[in-house]
Amino acid sequence: MNDKNIEQTVRDLQKRLREHNYRYYVLDDPVISDAEYDRMFRELQELEKAHPEFSRPDSPTKRIGGTLQKAFGTLEHRTPMLSLSNALNEKELREFHKRLVKFTGDAGTELVGEPKLDGLGVELVYENGIFTAGATRGDGYTGENITENLRTIRQIPLRLHGDPVPSLLEVRGEVIISKANFERLNRERGSRNEKPFANPRNAAAGSLRQLDPRITASRPLEIFIYAAGKIEGRDFDKHSGFLQALRDWGLRTNPLNAILHGEEEMIGYFRNMEQKRGELPYDIDGVVIKVNSMEIRDRMGMRTRTPRWAIAGKFKARQEITQIRNIEVQVGRTGVLTPVANLKPVQIGGVLVKRATLHNQDEIDRKDIREHDWVVVERAGDVIPKVIKVIEDRRPAGTRSYRLPDRCPVCGARVQRIDDGVAVKCVNRECPSQLKNGIQHYASKRAMDIEGLGGKTVEQLVENGLIASVADLYRLDREALLQLEGFGTKSADNLLEAVERSKRRPLSRFIYALGIPNVGEYLAGVLAERFGSLGKLMEADEDILTAIGDIGGIVAESIVNYFGNEANHATIRNLQELGIDPRAVKRKDTALKGKTFVFTGSLSGMTRDEAKEKVRRFGAKASGNVSSNTDYVVAGEEAGSKLDKARSLDIPVLDEEEFTGLLKKYSE
C-alpha cells in the first residue's frame, strides 16, 4: 500500500471512529459492537505508530496523554465564568419569577430548566472545530489549564461533529462521576488499600487535577455541557437553540433539560427534579433556571457578580432515617458535657454518617430523644450531622427518657449546670478528659500547630505521666518518648522538632491555644492586633477590653477572670520561661484592609477557620454574623441562612473559587 492509500485509510478510520463516538456518547445510539470498535481503534493505532506523519492532534487515539506534567499553567477565560444566585426554597424561586415578570411584563416568558450537577465546572475551547484548550473555572476569570486531562474524557470530541462549525467556540460544562462508577472506583481503591474518595464530586475534581493524564484516563469521568462562553461565527436567539447546536456538534447535553413557561411550570420542574434526584445515576443538588431569550438576557444584564436572568434553585438538605444505638457523653477541654448519638451507619450526601450531636439536655428534652429511637438525621451546612426529629411511630417499646449523668463520666466528679442551665460542666480542673482535650486544642493546627500530637499520642503521654500541662510539652525528653509504644527515633525527633517550631507561632495563635472561654480564633486575632504582646493583654481590665468594638461585657469578664486565675498565670509563666514569647504579626496593607467577611457552608479546599486566617493576613475581619457592615459573604457547599440574609441585604456573595481568586489578586 503506497503512502497515499495509507493516509486515506488513516483518515477514513479517524472519521469513522469519531462518528461512532458521537453515536455512542452523545446520541446513545451505537450501531456497531464494542469488539468492532476496538478492532478499528487498534488498526488506527498501529497505522499511526508506523506512519506518525499521518497522525493528528484530534485523532481518537490521542485521548490518553503519555507525559507527566510538572505543574498546571493557567488559562484566561475570554468571557467570565459566572456564578449564580441561589434560591433555597420555592418561595425564593417565585420571587425570582416575580422580578422577571416585572422586567418583561410577560408572565409566560420562556425559561429553560436544567439539573444542577454536583461536579467540577470546566471550560472547553474549540478553534475551527478542533479542541485546543480546557480549564477549570478558577476565579471565574482565570483557571487551571487541564487540557491534557480533559482530552481523556470520551464525551469530549477532539473535533466537532458536523459542518459548519464556529471559528471559535467556548463552552462550559460539569465533569462528574456517576454513582455506580463512584462505588466501583472506591471498591477498587479499597482492594489496593487506598483511601476511598469522600464523594463523587471530590473524586471528579481530584481526577481532573492529576499531573499524570494517564491517571485521569483511568477514572470514569463524564461531562455535560450547559453554557456558552465566547462564540465567533454563529449567533443564537435562544438558549434552547444553542443546546441543540451543542448536540449537533457532538457535545453532550443533559436530556432532562426542559423548556418552561410561567411560574407554575418552573416550580413543577423544581419539584419533579427534587423527587427524582435519588433515582438519577448521578448527583444533583438543585436545578438551574435560565431565561431562554438571548435578547431579554442582554437587557436584564448583570449584578456585580451574577446574572439577573438565571438562578440556581437548591434542594433541601440531605436527610436520612436511621436508629440511635446508644448515647454517649463527651467531656470537652472546658469540662462541658456533650451528648452524642451513636447511629447505625447511614449514607447521607455521599458521606457515611455514624454519629450525630445532640447538643445538650434541653435539646434532648425538646425533641424527646431516647436511646434506640428511629430518627431523621440531617447533613446540611454543618459538618457535624444533627438529629432533626424522632419518628415516634417507630419507637421501640420500653424506651426511657434520657438524662445526662450527675457525675462526670471520666473522673466521677459532680457536674453543675452553667450558662443559664443549658450546659452541664465537670468542675474538676484535674479531670483527665479536660487535660487531654486542652492539650489537643493547644497543639491543633489552628493553634500551636504541633504536628504528630493527635488524640492517641496525647492520651499516651498523659497516661504515662509525661505531661500534666501544656508547659510539659516543652520538657518532653527524647529518651522517654522512645520508651513509648509506637515511637521510634524518627517519630520522636519529628515530634520534638514540631514542639520547638511551635515556639515561633504568632500571638493570635497562642491566645487561641490558651483556650480562654468565649475567645475563639477571630477574637484571638482581634486581641493580638490590639495589644501586640501577651503582657499588655494580661494587664487589660474590663473597661479597656469592652472599648474594643468586637468585645462585649461577658467576653471581657471571661478574659479578665482567665488571666486573674493563679493556675493559668503559673502555666503562662512556665511557657515564657521555656522560651515562648509570641508577638503579633503585622498585617498586609491592601485594599481588603478593614473589610468584613462572613463564611457559610463548607469549603472544599480549606476549612472555614483557615479561610478566616487568610483574610486576617490582609487586614480584613472575619465575622460570624451577616449585617449591613458585612462586605463579602463567602458561600460554600450547603450554605445556610447567612446566605439568605446576604441576599436580602444585597451583600456581594463569593463562591470558593471567587474567594481564592480575590486573595490571589491582592497577594501578587
Q) Has the range 471-494 got at least one residue that is in contact with a Gly (Cβ under 9 Å, 6 or more places away or on another chain) and surrounded by 20 or more Cβ atoms within 10 Å (Cβ to Cβ)? A) no
Q: Given the conditions (1) charged (D, E, K, R); (2) at pLDDT 90 or above; (3) in contact with a helix residue (DSSP H, G or I) (Cβ under 6 Å, 6 or more places away or on another chain), report the number of the one that residue 446 does not fulfil.
A: (2)
Q. Within the range 638-668, how many residues are touching a residue at least 60 places away in the same chain (Cβ under 8 Å) and not in a helix (DSSP H, G or I)?
A. 7
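Given the residues 111, 88, which is the only one that is buried (at least 23 other Cβ atoms within 10 Å of the Cβ) and among the hydrophobic types (A, V, I, L, M, F, W, C)?
Residue meeting the stated conditions: 111.
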**Q.** Boolean, residue 193 is assigned to a loop (DSSP other than H, G, I, E, B) and farther than 25 Å from residue 59 by Cα
**A.** yes
Q. Hey, which of the helices (runs of 4 or more DSSP H) in the range 486-550, taking only ones fully inside, have at least 3 residues that are free of Cβ contacts under 8 Å to residues at least 40 places away in the same chain and under 18 Å from residue 473 (Cβ atoms)?
A. 489-501
Q. Within the range 54-70, is there a residue that is farther than 19 Å from residue 152 by Cα and either surrounded by fewer than 18 Cβ atoms within 10 Å (Cβ to Cβ) or modelled with pLDDT of 75 or more (or both)?
A. yes
Q.
Quick check on my filter: what residues within the range 561-580 are free of Cβ contacts under 8 Å to residues at least 60 places away in the same chain and either surrounded by fewer than 16 Cβ atoms within 10 Å (Cβ to Cβ) or aromatic (Phe, Trp, Tyr) (or both)?
A. 561, 562, 563, 564, 565, 566, 569, 570, 573, 576, 577
(Q) Among the listed residues 451, 463, 430, identify the single one that is surrounded by fewer than 17 Cβ atoms within 10 Å (Cβ to Cβ) and touching a helix residue (DSSP H, G or I) at 6+ places or on another chain (Cβ under 6 Å). (A) 451
Q. Any idea which residue in the range 286-303 is surrounded by the fewest Cβ atoms within 10 Å (Cβ to Cβ), counting only those that are aliphatic (A, V, I, L, M) and touching a Ser or Thr at 6+ places or on another chain (Cβ under 7 Å)?
A. 296
Q: Say whether the condition of being without any contact (Cβ under 8 Å) to a residue 40 or more places away in the chain and assigned to a helix (DSSP H, G or I) is met by at least one residue in the range 427-434.
A: yes
Q.
Checking the structure you have, find out if any residue of the range 153-173 is over 29 Å from residue 290 (Cα atoms) and not β-branched (Val, Ile, Thr).
A. no
(Q) List pairs: first residue in the range 123-142 and in the same structural domain as residue 224 (by TED's automatic domain parsing) and farther than 16 Å from residue 228 by Cα, second residue among the charged types (D, E, K, R) and buried (at least 16 other Cβ atoms within 10 Å of the Cβ) anywhere in the structure, Cβ distance under 8 angstrom, at least six positions apart or on different chains. (A) 130/58; 130/159; 138/144; 138/657; 139/657; 139/658
Q: Test residue 268 against the stated conditions and say whether it is at positive phi and either of a type in the set (Phe, Trp, Tyr) or modelled with pLDDT of 90 or more (or both).
A: no
Q: Name the single residue, out of those in the range 105-151 being among the β-branched types (Val, Ile, Thr) and farther than 21 Å from residue 238 by Cβ, that is modelled with the lowest pLDDT.
A: 142
Q | Of all residues in the range 610-637 being more than 19 Å from residue 445 (Cβ to Cβ) and in a strand (DSSP E or B), the one that is nearest to the chain's Cα centre (by Cα) | A | 637
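How about the range 285-306: which of its residues are among the charged types (D, E, K, R) and over 30 Å from the mean Cα position of the chain (by Cα)?
Initial filter on the range 285-306 (among the charged types (D, E, K, R)): 285, 290, 295, 297-299, 303, 305.
Correct list: 295, 297, 298, 299.
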Q: Could you tell me which of the residues 206, 190 is free of Cβ contacts under 8 Å to residues at least 12 places away in the same chain, surrounded by fewer than 21 Cβ atoms within 10 Å (Cβ to Cβ), in the same structural domain as residue 281 (by TED's automatic domain parsing) and under 22 Å from the mean Cα position of the chain (by Cα)?
A: 206
Q: Name every residue in the range 221-248 that is part of a loop (DSSP other than H, G, I, E, B) and surrounded by 18 or more Cβ atoms within 10 Å (Cβ to Cβ), in order of residue number.
A: 221
Q. Regarding residue 481, is this residue among the aliphatic types (A, V, I, L, M) and within 24 Å of residue 435 (Cα to Cα)?
A. yes
Q. Yes or no: residue 465 free of Cβ contacts under 8 Å to residues at least 60 places away in the same chain and small (Gly, Ala, Ser)?
A. yes
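The values are calculated or read from the model by the stated rules, or taken from the named source; none is laboratory data. Worth saying up front: this structure is predicted, and the values here are computed from it rather than measured. Neighbour counts are summed over all protein chains in view; Cβ atoms, including those assigned to glycine, are modelled from backbone coordinates with ideal geometry.
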